[in-house]
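The values are calculated or read from the model by the stated rules, or taken from the named source; none is laboratory data. Just so it is clear, the structure is predicted and the values come from calculations on it, not from any experiment. Because the Cβ atoms are built from the backbone with ideal geometry, glycine has one as well, and the counts that use them run over all protein chains shown. Accessible surface areas use protein heavy atoms only, side chains included; no ligands, DNA or RNA. Shrake-Rupley method; radii C 1.70, N 1.55, O 1.52, S 1.80 Å.
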Amino acid sequence: MSSEPLSTETTLQYFTPPADGSKAYNTINADPVTGKRETNWKHTPHTVSIENLRGRESEASLDTTGFQFFHHPAKHTSFANDEEVEREYYPESIELIKELTGASRVVLFDHTIRRRRPGQIDDSPQKRQPVAGVHVDQTAASAIARVHRHLPPADAEALLRRRFQIINLWRPIGHPALDWPLALCDYRSIDTKRDLVPMTLRYPDRDGETFGVQFNDSHRWKYVRGLTPEEGVLIKCFDSVDDGSVAILTPHTAFADPTTPLDAPKRESIELRALVFYD
Ligand code: OGA
Ligand code: FE
């Protein structure tokens, strides 16, 4: 019997900005032939230790570390197509986010299903793979732009006067995510001024903005090994409460875990992105 590892050591791909001082950018869609996204910056590998919070999941919370694990089986488990996911999985997930956060209104604006397929070049929206690069999905500017984009103007203005967050709900599909799990960085261990670099995310019709994350020795990385489909993690990407009292975001990345059993099935997961409002 092997016992549950307390931590694992791996290489994470950090962000290094363009040498010429220009703003970093990525295209959202990969080139169908090369599988590469157009970009002007570099990944830099760094070896880190990632602590396994299995059995101590409650040590992480949205307002302290910036992320929070939950055990809550979904009624929808097939994730066969977008239409079904939106009809069945969205409503129960809205209720779950409200229950876990105490929010009064939750608007889902996006979802991504990822299935790891080694060697697959095609990374079009229906064939996304895990993301091997430390990032934050939103900056303050892109978070606020999301509210205007997805809600009527009268609503947006009123909602933005109160507390507002962007939270991802990430859940394994089909089997435990032992293969290429998700690592999350404790908010309290990052230097937001130094480590986070805004970068443009080029969509075909507009620009979004994300953060690349530069290496810092102080980063404390966590995961839950073998997270099951009955579990998941909420990942805070933005919080309008920016007075130092709460975590406002969570750097994260997928990683190759040397403790993954050789016969573990390849990771499959779904992430929902939510605008989360409070009274
Ligand atoms: C996310 C994310 C990457 C992955 O949920 O925001 O970056 O590999 N996911 O699942
Ligand atoms: Fe992300």
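Brief remarks on what is shown
- Picking from residues in segment 265-278 that are within 14 Å of R115 (Cβ to Cβ) and either without any contact (Cβ under 8 Å) to a residue 24 or more places away in the chain or crowded, with 16+ Cβ neighbours inside 10 Å (or both), the one that is farthest from ligand 1 (Cβ to nearest atom) is K266.
- Test: residue in segment 193-215 that is farther than 24 Å from P18 by Cβ, within 13 Å of ligand 1 (Cβ to nearest atom) and modelled with pLDDT of 95 or more: no
- Residue count, segment 131-181 (criterion: open to solvent by 50 Å² or more (accessible area, probe 1.4 Å), charged (D, E, K, R) and within 18 Å of L272 (Cα to Cα)): 1
- Taken over segment 1-49, residues that are out of contact with any strand residue (DSSP E or B) (no Cβ under 6 Å at 6 or more places or on another chain), closer than 22 Å to Q129 by Cα and of a type in the set (S, T, Y) amount to 2.
Results for (1) under 16 Å from the mean Cα position of the chain (by Cα); (2) part of a loop (DSSP other than H, G, I, E, B); (3) more than 13 Å from ligand 2 (Cβ to nearest atom); (4) of a type in the set (S, T, N, Q), shown as yes or no for each residue.
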residue	(1), (2), (3), (4)
L227	yes, yes, yes, no
L234	yes, no, no, no
T250	yes, yes, no, yes
P258	no, yes, yes, no
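- Strands (runs of 3 or more DSSP E) fully within segment 1-113 counting 3 or more residues that are open to solvent by 40 Å² or more (accessible area, probe 1.4 Å) and without any contact (Cβ under 8 Å) to a residue 60 or more places away in the chain: 42-52
- Qualifying residue in segment 146-167 (condition: part of a strand (DSSP E or B) and away from ligand 2 (no atom under 16 Å from the Cβ)): yes
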